[in-house]
Amino acid sequence: MTTTTPTLPAGAQATGKTSTAAGRVRKRLNSRTATLASIVIAVLWTIPTFGLLVSSFRPENQIKTTGWWTFFGDPQFTLENYQEVLFGRSSSSGQLASYFINSLAITIPSVLFPLAFASLAAYALAWINFRGRDWVYIAIFALQIVPLQMALVPLLKFFSTGVSLGGVPLMPAWDLVDEQKFAQVWFAHTCFALPFAVFLLHNFISQLPKDLMEAARVDGATHPKIFRTIVLPLITPAIAAFGIFQFLWVWNDLLVALIFAGGGNETAPLTVRLAEMAGSRGNEWQRLTAGAFVSIVVPLVVFLSLQRYFVRGLLAGSVKG
Amino acid sequence: MAVFARPRQALAVAGVLGLALSVTACGTGDDKSSDKADSAECAAYEKYQGNDGKKVTIYSSIRDIEADRLDESWKQFEDCTGIDIDHEGSGEFEAQLGVRVDGGNAPDLAFIPQPGLLKRFVDAGKLKPVSADTKAMAEQNYSADWLKYSTVNGQFYGAPLGSNVKSFVWYSPKTFKEKGWTVPTTWDELIALSDKVAASGTKPWCAGIESGDATGWPATDWIEDVMLRTAGPEVYDQWTTHGIPFNDPKVAEALDKAGTILKNEKYVNGGFGGVKSIATTSFQEAGTPITTGKCALHRQASFYANQWPPGTKVAEDGDVFAFYFPAIDPAKGKPVLGGGEFVAAFADRPEVQAVQTYLASGEYANSRAKIGDWVSANNKLDPANVPNPVDKLSVQILQDQKTVFRFDGSDLMPAAVGAGTFWKGMVEWVNGKDTATVLQGIESSWPK
C-alpha cells in the first residue's frame with residue numbers, strides 16, 4: 001500500500017541534468033535522506049493499520065480495556081474475533097462470509113458495465129465524425145461535476161415508480177425483490193461511473209496515432225473491427241487503471257449500496273454489514289477490527305496485483321508524449 | 001507509450017473474481033404454509049387471520065442480536081397467520097428512512113424512536129393513521145403519557161413498542177456492601193453519599209459523553225432528567241415544545257443543578273481524570289470504573305446493562321445494578337425519563353394493520369420480553385416474564401401508578417437542536433463554557 005517511488009534506481013539519467021532545477025530536485029529525492037524520510041512516512045502511515053491488525057487477534061475484554069501496544073508486553077492471541085465475524089451466530093443477518101459473495105456480485109458487474117459502455121463511447125467520441133460530437137463530449141465531461149448524492153432520490157423513484165410523462169406511463173416500476181435488487185445497484189454504479197470513465201478512456205483513445213486508424217481504414221476495417229483488434233489491446237492499461245479505481249470505489253461504497261440494495265442479507269454488501277456489526281448500541285465493537293481486515297483482503301489483492309497500472313492510470317491525464 | 005505490459009495479468013484477476021462470483025448461491029425461497037392455523041396454540045391469533053401469504057416489511061434501527069430476537073418474537077404469529085414479516089435493521093435508519101420514503105420505496109412499517117421524526121412524516125403526508133383496531137389495542141395497553149407522543153393533530157399514528165428507562169444510576173452492590181454505603185432514595189441522600197465517597201478518596205461519579213458523531217447525547221439525558229426534577233413535567237413539556245425559550249431561567253437552574261455533580265472536580269470523573277475527561281470518554285466505557293472500584297455512581301439508561309465487560313453480573317446482589325435516580329421533591333410524584341419506539345405505518349393494507357395491531361398487543365409484549373433484554377411500557381406485560389433484573393425494575397417503574405413519564409426531550413425537539421446544537425452545547429458546557437452562553441447559543445439555533 002505504500003508506494004515509495006523516490007527510492008527507485010538513482011539514475012544515470014539524473015546525473016547529466018543537475019544544472020536544471022528539476023534535475024536537482026530529482027537528485028535530492030534519490031538521496032539517502034529522502035529514502036529514509038519516505039520509509040519513516042511509510043511506517044507512520046502504516047501504524048494505525050498495524051494496530052488494527054494486532055487488535056483483531058486480541059481477546060474481547062483486552063481490546064475493550066487496553067491499547068493494542070500492550071499486546072507486546074502481554075501477548076494473548078485468539079482467532080475468536082475472526083471466527084465470530086465470519087461465521088458468527090446472528091441468524092437474521094448472518095455474518096461476513098455470506099456478505100462477501102454479495103460484495104463480489106455487486107462489484108464485478110459494476111466494474112464491467114461502465115468499462116464496456118465507456119470504452120465504446122470513448123472510441124465513438126474520439127474517432128467517429130458526427131455532428132455535435134464535441135458538445136456531447138463536453139456534456140459528458142461536465143456531468144462529472146454533479147454529485148451523486150443529488151441523484152439518489154430521483155433514481156430511487158425511477159426504480160420504484162417508473163417513469164410517466166403527463167400521466168402516460170413510459171416505463172413501469174421495476175418492482176424488484178430480494179436478489180433482483182442487484183440490478184438496481186449495478187445500474188446506479190454504472191450511471192455514476194460513466195462520465196469519469198468516458199473522460200478517462202477518451203483521453204487515452206484520442207491519443208492513439210491517427211496513421212494507425214487510417215491504415216486500418218484503408219485496409220477495409222470497419223469500426224467494430226478497429227475497436228476490437230487495434231484500440232482495445234492498446235488501451236489495456238487505461239482499462240486496468242479505471243478498473244481498479246472503480247473496483248475500489250464500489251467495494252468500499254456504503255451509501256449507494258445501502259439505498260439501492262437495502263440492508264437485507266440477500267443483497268447487502270460487506271460495508272453495510274460492517275456498519276451494523278457493532279450492534280444496536282455499539283457494544284460489540286471488538287468485532288470491527290477483524291471485520292475491517294476481512295473486508296480489505298480483496299481490495300488489497302486487486303491493488304497489489306494491478307498497482308503498476310494504477311500509477312500509470314494516475315498519470316493518464318497529465319503526461320503525454 | 002509503453003502500453004503493452006501484460007494485459008493477461010489483468011485478465012487473470014478478473015477471471016478469478018468472476019469464478020468467485022459464479023459460486024454465488026441464490027437464496028432459496030421458503031414457502032410458508034399456515035397448516036397450523038387451526039391448532040390450539042394459534043387460537044390467540046384468530047383475529048389476525050385472513051392474510052395468508054402476504055408480506056409485511058419493517059424497517060428499524062434494531063440490528064444484530066437484537067434483530068434476531070425480534071424475528072424470534074413474532075415467529076409464532078407468522079406461522080399461525082401466514083404473514084411473512086421481513087425485518088431490516090440499519091444503523092443509518094434515521095437518514096435512510098427519509099431517503100426511502102422520498103424515493104417511493106417506503107417500508108410498510110417503521111419503528112421510529114423519535115416522535116419528532118414521526119411528526120415530520122405526518123406533516124409530509126406520508127404516514128397512514130392506524131386502524132380502529134390498533135387504536136383500541138393501544139389505548140387499552142398504554143398510558144396516555146405514551147400515546148400523546150404519536151398523536152399528531154388529533155390523529156393517532158402508531159402504538160409504542162419497546163421502551164427504556166433513562167432515570168437510572170448504576171452502582172456496584174458489592175462495593176456498596178463492603179463500604180457500608182446504602183442506596184439513596186432522595187436527592188439529599190444522593191449528595192450526602194457522593195460527599196461520603198469523595199471523602200474516602202474515590203471520585204464518586206463517572207460519566208462519558210463521547211459517542212462518535214452523536215457526541216454529547218448522554219449529557220442531554222442528564223440535563224433532561226434533572227430538569228424534570230427541578231422544574232416539573234409541565235415546564236418540561238413547555239421546554240421541549242419551545243413554549244419557554246431554551247435559555248429560560250428554569251433551564252439554567254436545571255443545568256446548574258446538574259453542574260453541581262457533573263462540573264464538580266471533587267465528584268468527577270472517577271477512573272478517568274478531571275471534569276474535561278467527560279467529553280472524551282466514550283459512553284460505552286464510561287461506567288466501567290465501577291467494576292474496578294474507581295467510581296461509585298454512573299447515571300445511564302437501562303440499556304447500559306449490555307455495555308458491561310463480559311462476565312459482569314448485573315443483578316441486585318451482583319457486580320453492578322441500578323437504582324432509580326431519586327426525585328428532588330417526592331411530593332411531585334416520580335419523574336421518569338425514557339425513550340422508546342413507535343410502530344408507524346406507511347401502508348394501510350389489511351396485513352400491515354394486522355401486524356401493527358399485533359405489535360401493540362399484550363401477547364406480543366410478553367412474547368418478546370421472554371426472550372430477554374427488552375422492556376415495554378405495555379401494561380399487559382407481566383414483570384415475571386422479564387428475565388433480566390434491570391429490565392424487571394424498569395417494567396416496575398414504568399407500570400408504577402406514581403410514575404410521571406416523559407419522553408427524552410432531545411428526541412422531541414427539532415433535529416437541528418435535539419440532534420445538533422443541544423449535543424454540541426453540552427460538550428462545550430462540560431469543557432468549561434458557562435451556562436448562560438451555552439443556553440443562549442442553543443436558543444438562537446432553534447428553527448423559527
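Since every read-out is calculated from the coordinates, none of them should be taken as a lab result. Only a predicted model underlies this, so the values are computations on that prediction, with no experimental measurement involved. Virtual Cβ from ideal backbone geometry, glycine too; neighbours counted across all protein chains shown.
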Exercise for the section: Please state the charge dipole magnitude for region A:145-231, taken about the Cα centre, from unit charges on C-beta atoms (+1 on K and R, -1 on D and E), reported in debye and rounded to the nearest 20. Expected result: 160 debye
Problem - Among B:GLY50, B:PHE93, B:ILE442 the positive-end extreme of the charge dipole of chain B (Cβ point charges) - result: B:ILE442
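So how much slack lies between B:ALA40 and B:LYS448, counting 0.36 nm per residue of separation and subtracting their Cα-Cα distance, in nm? Could you put the intermediate results ahead of the total?
Working: separation 408, 0.36 × 408 = 146.88 nm, distance 5.72 nm.
Between B:ALA40 and B:LYS448, full extension yields 141.2 nm more.
Under a point-charge model restricted to the Cβ atoms of Lys and Arg (+1) and Asp and Glu (-1), what is the dipole moment magnitude of chain B relative to its Cα centre, in debye to the nearest 20? Write down the numbers at each step before the final one.
Details: 44 positive and 58 negative charges, 226 e Å.
Computed charge dipole of chain B: roughly 1080 debye.
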Completion exercise
Sorting A:SER55, A:LEU125, A:ALA22 by the position of each Cα along the dipole of chain A (Lys, Arg +1; Asp, Glu -1; all at Cβ), the one nearest the positive end of that ordering is A:ALA22
Problem - Proximal lysines relative to A:LYS27, as straight alpha-carbon distance under 18 Å, when same-chain residues fewer than 8 apart are discounted - result: A:LYS17
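What value, in deg cm²/dmol to 500, does the helix sum -39500 (n - 2.57) over DSSP H runs of n ≥ 4 give at 222 nm once divided by the residues of chain A?
Values: 16 runs with 206 residues, N = 321.
After summing the helix terms and dividing by the residues of chain A, the value is -20500 deg cm²/dmol.
Just the Kirkwood number for region A:159-216, please: inverse of mean 1/r across all distinct Cα pairs, in Å, one decimal. Mind showing how you got there, number by number?
Values: mean 1/r = 0.0669 Å⁻¹.
Answer for region A:159-216: a Kirkwood hydrodynamic radius of 14.9 Å.
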Exercise for the section: Would you mind pulling out the separation of the Cα centroids of region A:185-250 and region B:294-329, in Å? Expected result: 63 Å
Practice task
Select from A:THR20, A:THR289, A:THR49 the residue whose mean-square fluctuation is largest in a Gaussian network model of chain A (Cα-Cα springs shorter than 10 Å).
Solution key: A:THR20
Fill in the blank from the handout: One would report the antiparallel percent of DSSP beta bridges in chain B, rounded to the nearest 5, as 50 percent
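How big is the Rg/Rh ratio for region B:47-139, C-alpha atoms only, Rh by Kirkwood, two decimals? The partial results should precede the final answer.
Values: Rg = 14.2 Å, Rh = 14.6 Å.
Rg/Rh: 0.97.
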Handout entry: Spin-label proximity, B:ASP256 to region B:431-448 - amide N less than 15 Å from point 7 Å beyond Cα toward beta carbon
Key = B:434-440
Handout entry: Amide H within-cut-off set for B:ALA159, under 5 Å, with H built and near neighbours excluded
Key = B:VAL343
Problem - Rule-of-thumb Rg ratio for chain A [Cα; 2.2 N^0.38 Å; N residues] - result: 1.25
Handout entry: Percent of beta bridges antiparallel (DSSP, the protein assembly as shown, rounded to nearest 5)
Key = 55 percent
Exercise for the section: Over 25 Å between C-alpha atoms is what I'm after, so list which of B:LYS424/B:LYS448; B:LYS148/B:LYS334; B:LYS179/B:LYS332 land there. Expected result: B:LYS179/B:LYS332
Completion exercise
Between the modelled labels at A:ASN252 and A:SER31 (7 Å from Cα along Cα→Cβ) the distance in nm is 3.4 nm
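Indicate, rounded to the nearest 5 percent, the antiparallel portion of the DSSP beta bridges found entirely in region B:45-170. All intermediate terms of the calculation are to be shown ahead of the outcome.
Numbers: 2 of 10 bridges.
Close to 20 percent.
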Exercise for the section: Using the Cα centre as the reference, give the magnitude of the dipole from point charges on the C-beta atoms of chain A (Lys, Arg: +1; Asp, Glu: -1; all else neutral), rounded to the nearest 20 debye. Expected result: 1420 debye
Practice task
Work the Kirkwood hydrodynamic radius out for region A:35-145: mean of 1/r over every pair of different alpha-carbon atoms, inverted, in Å.
Solution key: 19.4 Å
Completion exercise
For region B:53-68, in residue order, the Karplus 3J(HN,Hα) values (coefficients 6.51, -1.76, 1.60; θ = phi - 60°; whole Hz; Gly and Pro = x) are x, 8, 10, 10, 9, 10, 10, 7, 9, 8, 9, 6, 4, 5, 5, 4
Handout entry: Length-normalised contact order of chain B in % [C-alpha pairs under 8 Å, at least 6 apart]
Key = 23 percent
Completion exercise
Once the mean of 1/r over all distinct C-alpha pairs in the protein assembly as shown is inverted, the Kirkwood radius in Å reads 29.9 Å
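What FRET efficiency do you get for B:GLU234 and A:THR70 if R0 is 56 Å and r is their Cβ-Cβ distance, rounded to the nearest 0.05?
Numbers: r = 52 Å, r/R0 = 0.94.
Efficiency, rounded to the nearest 0.05: 0.60.
Test of understanding: what is the full-extension gain from B:GLN49 to B:GLN396, defined as 0.36 nm times their sequence separation minus their Cα-Cα distance?
Details: separation 347, 0.36 × 347 = 124.92 nm, distance 3.33 nm.
So the extension gain works out to 121.6 nm.
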Completion exercise
Here, chain B modelled as identical Cα point scatterers in vacuum has Debye log10 I(q)/I(0) at q = 0.07 Å⁻¹ of -0.41
Exercise for the section: Can you give me the span-like helices of chain A, meaning DSSP H runs with 27 Å or more of Cα extent along the axis and Kyte-Doolittle mean at or above 0.0? Expected result: A:32-56, A:96-127, A:181-206, A:287-314
Completion exercise
At R0 = 56 Å the Cβ-Cβ FRET efficiency linking A:ARG217 and B:ASP71, nearest 0.05, sits at 0.30
Handout entry: Coil-residue GluC sites (Glu not before Pro) of region B:211-309, DSSP, other Cβ within 10 Å capped at 15
Key = B:GLU265
Problem - R0 of 22 Å, Cβ-Cβ distance A:PHE87-A:ASN61: FRET efficiency to nearest 0.05 - result: 0.55
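Stretched out fully, how many nm does the piece from B:GLU139 to B:LYS294 gain, at 0.36 nm a residue minus the Cα gap? Spell out each step's value before the answer.
Working: separation 155, 0.36 × 155 = 55.80 nm, distance 4.60 nm.
Using 0.36 nm per residue and subtracting the Cα-Cα distance, I get 51.2 nm.
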Practice task
Could you pull out every residue, at least 5 positions away or on a different chain, whose amide H is within less than 5 Å of the one on B:ASP86? Hs are placed 1.01 Å off N in the peptide plane, and Pro or chain starts have none.
Solution key: B:VAL56, B:THR57, B:ILE58
Exercise for the section: Would you work out which of B:ALA124, B:SER150, B:ALA138 lies farthest towards the positive end of the dipole of region B:114-156, given +1 charges on the beta-carbon of Lys and Arg and -1 on that of Asp and Glu, about the Cα centre? Expected result: B:ALA124
Exercise for the section: Please work out the ratio of the alpha-carbon Rg of region B:247-351 to 2.2 N^0.38 Å and round it to two decimals. Expected result: 1.41
